[in-house]
Amino acid sequence: MSKVLAALNDQVIREFYSAYLYLAMTTYFADAGLPGFANWMRVQAKEEVTHANKMYDYLLSRGHKVVLGAIDAPPASWKSALDVMKAGLAHEQKVTGYINDLASLAVKEKDHATQIFLNWFVTEQVEEEQNFTDLVNALSLIKGEGQGLLMLDRELAGRTFTDATATADAG
Ligand SMILES: [Fe+2]
Ligand SMILES: [Fe+2]
């Protein structure tokens with residue numbers, strides 16, 4: 001069995017964990033009376049499912065029999081909106097590390113197709129980290145409270161889900 005495809009199989013499970021984590025964060029915001037933040041995080045969770053499926057489809061196309069392992073339980077509580085976004089950023093940084101390791105392995109194993117496939121995720125991770133960084137910065141500026149928090153909540157209510165993996169180059 002290809003080492004590269006086996007490693008990518010592990011990432012499928014991690015993408016589902018990302019969705020699970022962001023769904024738990026959605027619950028936190030809904031419970032905290034921040035529906036806009038909850039909406040933003042729900043969209044984030046949906047995006048992670050599309051990432052998992054994009055990898056799953058690729059593995060099937062390569063004839064790899066995907067094995068679905070257990071998904072860890074995410075945390076259920078955070079101290080504040082800022083605390084949530086910091087945790088989200090730290091998580092995305094970890095995921096970037098996994099994607100980079102996968103890309104390096106594909107190079108090492110001369111799996112050019114997987115190298116090209118992973119390019120989409122390498123680019124996506126830049127955006128993912130940027131999104132969370134922006135929110136960490138905004139929440140830090142407004143000290144996570146008052147009018148600023150309400151305004152940010154209204155802004156985040158406007159995020160809509162689009163399947164970015166469903167494009168011509170989606171593989
Ligand atoms: Fe992802
Ligand atoms: Fe992500």
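Please give the contour-minus-distance gain from residue 130 to residue 2: 0.36 nm per residue of separation, less the Cα-Cα distance, rounded to one decimal in nm.
So the chain would gain 42.8 nm between residue 130 and residue 2.
What does the charge add up to near residue 55, with Lys and Arg as +1, Asp and Glu as -1, over the other residues with Cβ less than 12 Å from its Cβ?
For residues surrounding residue 55, the net value is -2.
Evaluate E = 1/(1 + (r/R0)^6) for residue 163 and residue 143, where r is the Cβ-Cβ distance and R0 equals 35 Å; express this FRET efficiency to the nearest 0.05.
For R0 = 35 Å, the calculated efficiency reads 0.50.
Within the chain, what is the number of lysine pairs with alpha carbons under 17 Å apart, leaving out pairs fewer than eight places apart on the same chain?
Eligible lysine pairs with Cα atoms under 17 Å apart amount to 8.
First select every other residue whose beta carbon is under 13 angstrom from the beta carbon of residue 78; then total the charges, Lys and Arg +1, Asp and Glu -1.
Net of charged neighbours comes to 0.
How high is the relative contact order of the range 3-156? Use alpha-carbon pairs under 8 Å, at least six apart in sequence, and give a whole percent.
It comes to 30 percent, rounded to a whole number.
Which of 69, 146, 97 moves the most in a Gaussian network model of the chain with Cα springs under 10 Å?
146
Could you give the distance between the Cα centres of the range 102-125 and the range 1-29, to the whole Å?
Between the Cα centre of the range 102-125 and that of the range 1-29, the gap is 17 Å.
Contour minus end-to-end for residue 83 and residue 122, with contour as 0.36 nm per residue of separation and end-to-end as the Cα-Cα distance?
Length gained between residue 83 and residue 122: 11.5 nm.
Counting Lys +1, Arg +1, Asp -1, Glu -1, what net charge surrounds residue 161 among other residues with beta carbon under 12 Å of its beta carbon?
It works out to a net charge of 0.
Positive end of the charge dipole of the chain (Lys, Arg +1 and Asp, Glu -1 on Cβ, about the Cα centre): tell me which of 2, 118, 56 has its Cα farthest that way.
Farthest along the dipole direction, towards plus: 2.
Can you sort 163, 111 so the residue with the fewest Cβ neighbours within 10 Å comes first?
By the 10 Å Cβ count, ascending, the order reads 163, 111.
Got a sec? How would 8, 150 order by Cβ neighbour count within 10 Å, fewest to most?
Listing 8, 150 from fewest to most nearby Cβ atoms yields 150, 8.
Read the figures in this text as sums done on the coordinates, not as results from a lab. All of these numbers come straight from a predicted model, not from anything done at the bench. Positions of Cβ are backbone-derived with ideal geometry, glycine not excepted, and every protein chain shown enters the neighbour counts.
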